[in-house]
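Participant: So that we are looking at the same thing, I have put the structure below in structure tokens.
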Amino acid sequence: MVSESEADVAEAAAEPWPDALPWQRNLRLSFAAGRDRAHHAWLVAGPRGLGKRTLALHLARDLLCESPTADALACGNCDGCRYVAAGTHPDLRLIEPWRIEPDGTRVAVQEIGIDAIRDLTGFTQITSHRRGVRVAIVAPAERLTVEAANALLKTLEEPPAGTILVLVSHLPGRLLATVASRCLRIPAPRPSPAEAIAWLAGQGIATPDLALAYAGGAPLAALRIAADGQSGERAHWFDALARPERLEAIAMGARIDAADKPDRKARLELVLDALAAWTEDLARVAGGGAPRRLPGRADALGALAPRVAGVDLCRYHRSIVHQRAHVARPLNPRLVAESLVDAYRELFAPQPRPSGAAGSRGTGAGGG
Ligand SMILES: [Zn+2]
């Protein structure tokens, strides 16, 4: 007999179910132990690339499992677990910035709008289908429109019995304060470097230590970077950044347009990430430290560090980080890249000597 739910499972075009992450197990155990007195709303917060969405999905499956293990985690084999993994569990709602087209394909959108939250409100008001618990995940929660966040607030203020909301955010400061304050905050667990490197090696990453360093210690970000096939492009940028006097903005900008049009935004993100890591380490080395993000580039960074103006470097780095956070709709990725390269060159331009000044100011900006 094929049930309705099994037919749904066959139709589901959901993403593959993510494996549990070893560094999240202890937190899942402590939540599973307290499941009967669980708070009604959780906010999983922390930097990108630690696996917050994966944690939310596994917390949901632990709650919805119909035959939990002795330590109260999901068994992975019951109907509840299978439906969660297939994205078809009737008591689980996953609210993400996607729009489903009439032909069933998913298109990424910028915001989570009011309609998704109205749908969620309806979901929380019906009785659960299977086990008496309903779970809704909103990821990433900072994408909620103000209108949607206010609608969600009503559900948070009058939580329906048996419903658990899990908000996921790497920018919790952007959430409506009234929404954030009603959630129990769960800081996303961070693995030790050794644990993260072992996990990455298990995923088949050849140089897990370098990938993890470049990703700032975030293992899922490291995995994405190591597997995106762009290491040659990154190396080209780092080689070019090491010789600012030879940098040509137009040539570097052309590298963005060398990608197919739909991929140019991603190429700009790659450049922004590379510039952010490079300038972060350049500042570190200029301050007498060792590079953390690009340990393999220590020599080039060491050669550049005496030539860079520290204050300007910090300002430039901040502007890169800001642009990375707002890269959603760049008007023209190539022009953005060209101006980034021009501004980077300026960090090493010889300082004009004030006219009439006696002697050099000795900034070292033009030296070397
Ligand atoms: Zn189960």
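The values are calculated or read from the model by the stated rules, or taken from the named source; none is laboratory data. Here the structure is a predicted model, which is why all the values come from computation and not from measurement. Here Cβ is always computed from backbone atoms with ideal geometry, including for glycine, and neighbour counts include all displayed protein chains.
Participant: Quick check on the range 7-32: of everything there that is away from the ligand (no atom under 16 Å from the Cβ), modelled with pLDDT under 85 and over 19 Å from the mean Cα position of the chain (by Cα), which residue is surrounded by the most Cβ atoms within 10 Å (Cβ to Cβ)?
Facilitator: Ranking the candidates gives ASP8 first.
Participant: Could you list, in sequence order, all residues of the range 10-59 that are polar (S, T, N, Q) and under 22 Å from LEU200 (Cα atoms)?
Facilitator: GLN24, ASN26, THR54
Participant: Taking the condition of being surrounded by fewer than 20 Cβ atoms within 10 Å (Cβ to Cβ) and either over 15 Å from LEU29 (Cα atoms) or within 8 Å of the ligand (Cβ to nearest atom) (or both), how many residues in the range 55-75 meet it?
Facilitator: Qualifying residue count for the region: 4.
Participant: Please work out which residue is surrounded by the fewest Cβ atoms within 10 Å (Cβ to Cβ), limiting yourself to the range 271-293 and to residues that are of a type in the set (A, V, I, L, M) and under 16 Å from ALA222 (Cβ atoms). Even if it seems obvious, please write down each step before you answer.
Facilitator: Let us first name the residues in the range 271-293 that are of a type in the set (A, V, I, L, M), namely 271-272, 274-277, 282-283, 285-286, 290.
Still in the running and under 16 Å from ALA222 (Cβ atoms): 274, 276-277.
On the way: ALA274: 23, ALA276: 18, ALA277: 23.
Filtering first and then ranking leaves ALA276.
Participant: Scan GLU111, GLU101 and give me the residue that is acidic (Asp, Glu), away from the ligand (no atom under 16 Å from the Cβ) and under 25 Å from LEU220 (Cα atoms).
Facilitator: GLU111
Participant: Could I ask something else about it? If you check ALA108, ALA86, ALA136, which single one turns out to be under 25 Å from the mean Cα position of the chain (by Cα) and under 20 Å from HIS39 (Cα atoms)?
Facilitator: ALA136
Participant: State the number of residues belonging to the range 326-368 that are modelled with pLDDT under 75 and either closer than 18 Å to ALA276 by Cβ or basic (Lys, Arg) (or both).
Facilitator: Final tally of qualifying residues: 6.
Participant: Let me ask something else about it. Which condition number in (1) more than 13 Å from the ligand (Cβ to nearest atom); (2) surrounded by 17 or more Cβ atoms within 10 Å (Cβ to Cβ); (3) more than 19 Å from GLU158 (Cβ to Cβ); (4) touching a residue at least 40 places away in the same chain (Cβ under 8 Å) is the one that VAL138 fails?
Facilitator: All conditions are met except number (3).
Participant: Is it the case that some residue within the range 214-232 is hydroxyl-bearing (Ser, Thr, Tyr), surrounded by 17 or more Cβ atoms within 10 Å (Cβ to Cβ) and closer than 30 Å to LEU21 by Cβ? First the steps, then the outcome.
Facilitator: Filtering the range 214-232 for residues hydroxyl-bearing (Ser, Thr, Tyr) gives 214, 231.
Checking which are surrounded by 17 or more Cβ atoms within 10 Å (Cβ to Cβ) leaves us with 214.
Filter once more, keeping what is closer than 30 Å to LEU21 by Cβ: 214.
Yes.
Participant: Starting from residues that are out of contact with any Asp or Glu (no Cβ under 9 Å at 6 or more places or on another chain) and of a type in the set (Ser, Thr, Tyr), keep the ones in the range 105-162 and report whichever is farthest from LEU92 (Cα to Cα).
Facilitator: Applying the filter and picking the extreme gives THR105.
Participant: Determine the pairs where a residue that is assigned to a loop (DSSP other than H, G, I, E, B), located within the range 287-307, has a partner that is of a type in the set (Phe, Trp, Tyr) with Cβ atoms under 9 Å apart, the partner being 6 or more residues away or on another chain.
Facilitator: Once the first residue is assigned to a loop (DSSP other than H, G, I, E, B) and sits in the range 287-307, its partners that are of a type in the set (Phe, Trp, Tyr) give ARG293/TYR214; ARG293/TRP278; LEU294/TYR214; LEU294/PHE238; LEU294/TRP278.
Participant: Report yes if ALA38 is modelled with pLDDT under 95 and within 15 Å of the ligand (Cβ to nearest atom), otherwise no.
Facilitator: Judged against the criteria, ALA38 is not a match.
Participant: Sticking with this one: Quick one: THR88 ticks every box in (1) in contact (Cβ under 8 Å) with a residue 12 or more places away in the chain; (2) within 13 Å of the ligand (Cβ to nearest atom); (3) more than 29 Å from ALA177 (Cα to Cα) except a single one, so which number is it?
Facilitator: Unmet for THR88, out of (1) in contact (Cβ under 8 Å) with a residue 12 or more places away in the chain; (2) within 13 Å of the ligand (Cβ to nearest atom); (3) more than 29 Å from ALA177 (Cα to Cα): (2).
Participant: Quick one: ALA201 ticks every box in (1) over 30 Å from ALA259 (Cα atoms); (2) surrounded by fewer than 17 Cβ atoms within 10 Å (Cβ to Cβ) bar one, so which box is it?
Facilitator: Looking at each condition in turn, ALA201 falls short on (1).
Participant: Applying the selection to the range 209-237, what residues are free of Cβ contacts under 8 Å to residues at least 60 places away in the same chain, hydrophobic (A, V, I, L, M, F, W, C) and in a helix (DSSP H, G or I)?
Facilitator: Scanning the range 209-237 gives ALA211, LEU212, LEU223, ILE225, ALA226, ALA235, TRP237.
Participant: A follow-up question, please. Looking at ALA148, ALA206, ALA201, which one is free of Cβ contacts under 8 Å to residues at least 24 places away in the same chain and part of a helix (DSSP H, G or I)?
Facilitator: None of the other options fit; the residue is ALA201.
Participant: Okay, next question. Assess whether THR127 counts as being more than 16 Å from the ligand (Cβ to nearest atom) and in a loop (DSSP other than H, G, I, E, B).
Facilitator: When the stated conditions are applied, THR127 passes them.
Participant: Which residues, counting only those in the range 76-110, are in a loop (DSSP other than H, G, I, E, B) and surrounded by fewer than 15 Cβ atoms within 10 Å (Cβ to Cβ)?
Facilitator: Pass one, the range 76-110, residues in a loop (DSSP other than H, G, I, E, B): 76-78, 87-91, 96-97, 101-105, 109-110.
If the condition is that a residue be in a loop (DSSP other than H, G, I, E, B) and surrounded by fewer than 15 Cβ atoms within 10 Å (Cβ to Cβ), then ASN77, GLU101, PRO102, ASP103, GLY104, THR105, VAL109, GLN110 are the ones that fit.
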